[in-house]
Each structure stands twice: as structure tokens, then as C-alpha cells.
Amino acid sequence: MDDCLFCKIIKGEIPSKKVYEDNFVYAFLDIEPQAPFHAVIVPKVHIASAAEIDEENSMYVSKIYEAVAKIAKKENLQKGFRVVTNCGEDGGQTVGHLHFHLLARRYLQWPPG
Ligand code: 5GP
Ligand code: ZN
């Protein structure tokens, strides 16, 4: 999608610090980290939010979780991590391209605020 920030990051039109990439998924460091390790993992196709996941595109969600496990091993996150998807206005979503936050390297409170 032409006007989407994360589509531009995937295409390299906006620079990012790559953490992981394969045919389905791109992961990069968040520009405003909420933990000592904070990556954003996105599907390489434009899906607007978690509310738009369906039978056609849900394979990307599996691929994202495969990437989570690979990144966790590569980055030595064996002490633990959290994966978060914000969806919609009340969910705090600010970028309209499905993404999964991978947060680690500090104790993460539960429940979140
Ligand atoms: P959301 O608030 O939609 O759940 O998450 C969007 C995330 O994208 C935020 O954590 C924000 O810091 C991050 N972000 C926004 N713009 C950029 C950018 O240009 N580069 C990077 N690396 N992260 C960004
Ligand atoms: Zn997009």
C-alpha cells in the first residue's frame, strides 16, 4: 500500500534497523523502544490490523510466530519476552499495518496499563 509507513519500511523507502527477514516477514527495532529489546514484526503484505485476519491471510500470523521464536533464540531472550498486538483506537494502534511488538530484557508487568 503506497501510503503506509510499514509498507515503506518493508520496501526500504524508509530506513530501519533490521532484526530478521524472510519471504513472509520483516522485523526491525522500534524507533521508540518500550523495553531494552523492542522489535516490531510485520507481514510483508498489507493487512490493516488484527481485525482483518481471515482464512486467506492467517498464514502470515504463523510465519510471524515462527519469526518470534527465531529472533528469541538469536537475541538470547531465554529469560522471557512478550508479544503484543495493538488493534484499533482503544487498543492503542497507531500504524495501520498489522504488527507484533516483541518486548524483552526487562520484567514486564501484568496486567499492562
Ligand atoms: P502501535 O502503536 O501501532 O501498536 O505501534 C506502532 C509502533 O511503530 C510504535 O511502537 C512506534 O514507536 C513504531 N514506529 C512508528 N514509526 C516508526 C518508524 O518510522 N520507524 C520505526 N522503527 N518504528 C516506528
Ligand atoms: Zn502496509
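The values are calculated or read from the model by the stated rules, or taken from the named source; none is laboratory data. Since the structure is predicted, the reported quantities are computational estimates derived from the model, not experimental observations. Positions of Cβ are generated from backbone atoms using ideal geometry, with glycine treated the same way; all protein chains shown enter the neighbour counts.
Of note:
- Residue in the range 89-111 that is outside any strand (DSSP E or B), among the polar types (S, T, N, Q), over 11 Å from the mean Cα position of the chain (by Cα) and surrounded by 11 or more Cβ atoms within 10 Å (Cβ to Cβ) present: yes
- Restricting the range 20-51 to residues that are crowded, with 19+ Cβ neighbours inside 10 Å and among the aliphatic types (A, V, I, L, M) leaves a set whose member that is farthest from ligand 1 (Cβ to nearest atom) is V25.
- Residues of the range 31-72 satisfying the condition of being part of a strand (DSSP E or B) and over 15 Å from L103 (Cβ atoms): V42, P43
- No other residue among Y107, Y26, Y65 is hydroxyl-bearing (S, T, Y) and under 18 Å from I10 (Cβ atoms) apart from Y26.
- The numbered conditions (1) within 16 Å of ligand 1 (Cβ to nearest atom); (2) assigned to a helix (DSSP H, G or I) are all true for E13 except (2).
- Taking the range 1-45 as the range and being touching a residue at least 40 places away in the same chain (Cβ under 8 Å) and among the aliphatic types (A, V, I, L, M) as the test, the residues that pass are M1, L5, V19, V25, A27, A35, A39, V40, I41, V42.
- Summed over the range 19-30, residues that are more than 16 Å from ligand 2 (Cβ to nearest atom) and in a strand (DSSP E or B) total 3.
- Residues satisfying the stated conditions in the range 78-113, i.e. free of Cβ contacts under 8 Å to residues at least 60 places away in the same chain, touching a strand residue (DSSP E or B) at 6+ places or on another chain (Cβ under 8 Å) and over 28 Å from H46 (Cβ atoms): K79, G80
- Test for A48: is it modelled with pLDDT of 95 or more and farther than 25 Å from L108 by Cα: yes
- Any hit, the range 36-59, residues being away from ligand 2 (no atom under 16 Å from the Cβ) and in contact with a His (Cβ under 7 Å, 6 or more places away or on another chain): yes
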